[in-house]
Amino acid sequence: MDDRLKESISALLDDEADELEIRRILNKSGDYELRDLWGRYNKVSDVLSSGRQAHDQFSPMDIDISSRISQAIDDEGELGLVEAEEEHGSLVESEKSQASFIRWAGVAAAFVLSVSLVFNPFSNDIVSEGEALIASVGFDGGEPLTDAGLSVLDEPSLAPDHARKLNEYMLRHAGNSVTGGRSGLMPLVRVASLSMTAY
Amino acid sequence: MSFRQRKYQARLSACSLICSSLILLLGSLVIPQQGFASTEADEWLENMASVMKTQSYRGVFVYNRGNISSSMKVIHRYKDGVERERLVQLDGEMGEILRTDDKVICILPGNREISLEQSIPAGPFAGAFSRTLMPDKDHYTVAIKGEDRVAGLSAVKIAVTAKDTYRYSYLLWLEKTSGLLVKSLLLNEHGQTLELFHYTSIELADNITDEELQADKKAGVVFSHEQVPAIKAPREWAETMNWRVGWLPQGFIRLNADNEDGAVLQPSHIQAFSDGFASFSVFIEALGEGNMPEGASTVGATVAYAHRLKWQRHDYMVTVVGEVPVTTAMKVAETIAPEIAK
């Protein structure tokens, strides 16, 4: 990804991206690298806004560097604000209309990226939402979700051929797990609990 | 430099600062831990890994996955360096599993015997986790959570908690005098139980006979001997073709890899990965009748994620099976890609 696109994403977060930039971002909205960058920039924003994030046990964001970052950006902002006013001056009416379009397009781009992130199972932080969505994208019939949000096509609901194939995979996986006595009794217990009549 | 360029640069700096601080902080957390002796919880787990092989016992346990419950009898013996085990289903139709070291035979209803194959012993990494069952400290936290009673025996309760969402967590109950695992829960990231293993009676015993480890076969009955059907090798499979896993959860290594990065799949079509506690297998085969439907199927804690892969004019089915979350299996399956060795 080139620096110009990265800068455009940064601008989009600040609601400062122009129409062309938004179109470029939208065109690349399926790009994993772009989504990852969007996620990272948002995390930085979260740190800046909330200072720290709660986490179950340990959060890398517990490092108290938010004030330093805030200060750095504020300093940059104060310097830049003067330059920005000098560069752009006041907006005329036609520019306001264009600005309105750009703002809405920006919202659309941000929405597309956010939704992509939710669908993106590669993101650690949103994994539970990602899991919840797998059922709707992974199965023909749109199986119901469990309370845990895990997609399920459990053994009893499989066609006989598929159940047989699943058992075959389970047997092979158990065979792999048993080797060297790494996993104790559990791999065999899992096999023994299968409905082997389907095999 | 314009105003927005300055903000972009500041944002980049912020990202770098966070990453640098994170590395420093993780370094400061990890390095001292490596210097200290194992904690009490670690010692319990190390002992469990040894005891589950060398301790002889017989017992009855309940196993739950989802809403399905089974009761089984187990007889385990370690004698003269040989580990033997017999697992007998107590519910429904009769079925047994016999294991002698790594050799496993399933005895099914209808007088059928199936031998389980292993794909592991080939590579140098096979020994990496063999004879041990230890979670990697970078990816799990281990802590003692008090004491309890299981099947009339005093037990210590140990939590093995995943640090990320790419693997499951465990609660283990170890019998206090021997360290034998007498109860376990496998939990998802929401703390919900996906699998329960629980002895209702257990006896530590040194008097297990050969007869107890024999399958319950009636005299004169002929058993058919079968193998698990081979995974179909695609006809057009080039000898120089390898399969590369684009992504693995951190801490997982390939158990039958033949190179150090552990990411190149040989055309044996079946590969296995482990982080020392959780494991999954990858199967790659030609698309054909009887393939699993695309997407995830779950059996308790075990997921099978099937992904159809089109490469050039050919269709393949990549299936990841293991005790890992759906997203982990999905991500592994969907990032596997072929490559032709030069």
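The values are calculated or read from the model by the stated rules, or taken from the named source; none is laboratory data. Note that this is a predicted model, so its numbers are computed, not measured. As a convention, Cβ positions derive from the backbone with ideal geometry for all residues, glycine included, and neighbour counts pool all protein chains shown.
Residues of the stretch B:40-85 that are β-branched (V, I, T) and either touching a Ser or Thr at 6+ places or on another chain (Cβ under 7 Å) or in a strand (DSSP E or B) (or both): B:V51, B:V60, B:V62, B:I68, B:V74, B:I75, B:V82. Those residues that are surrounded by 17 or more Cβ atoms within 10 Å (Cβ to Cβ), more than 12 Å from chain A (Cβ to nearest Cβ) and farther than 17 Å from B:W247 by Cα, I need them from the stretch B:312-342; list them, please. Of everything in the stretch B:312-342, just one residue is surrounded by 17 or more Cβ atoms within 10 Å (Cβ to Cβ), more than 12 Å from chain A (Cβ to nearest Cβ) and farther than 17 Å from B:W247 by Cα, namely B:Y316.
Being β-branched (V, I, T) and touching a residue at least 60 places away in the same chain (Cβ under 8 Å) is the filter here; which residues of the stretch B:199-213 pass it? Full working, then the answer.
Start the filter on the stretch B:199-213 by keeping residues that are β-branched (V, I, T), which leaves B:200, B:202, B:208-209.
B:T200, B:I202, B:I208, listed by residue number.
Checked against the criterion of being in contact with a strand residue (DSSP E or B) (Cβ under 9 Å, 6 or more places away or on another chain), farther than 19 Å from B:A272 by Cα and not charged (D, E, K, R), the stretch B:313-323 has at least one qualifying residue. When B:T335, B:T302, B:T319 are screened for being hydroxyl-bearing (S, T, Y) and more than 25 Å from B:R65 (Cα to Cα), only B:T335 passes. Tally the residues that are free of Cβ contacts under 8 Å to residues at least 24 places away in the same chain and in a strand (DSSP E or B), restricting the search to the stretch B:303-320. The number of residues fulfilling the criteria is 2. Kindly evaluate B:E46 against the criterion of being more than 18 Å from A:M170 (Cα to Cα) and in the same structural domain as B:K157 (by TED's automatic domain parsing). So B:E46 passes the test.
In the stretch B:118-144, of all residues being surrounded by 14 or more Cβ atoms within 10 Å (Cβ to Cβ) and among the charged types (D, E, K, R), the one that is modelled with the lowest pLDDT corresponds to B:D136. For the stretch B:86-108, the candidate set comprises residues that are in a strand (DSSP E or B) and at the interface with chain A (Cβ under 7 Å from one of its Cβ atoms); within that set, the residue that is farthest from the chain's Cα centre (by Cα) is B:L108.
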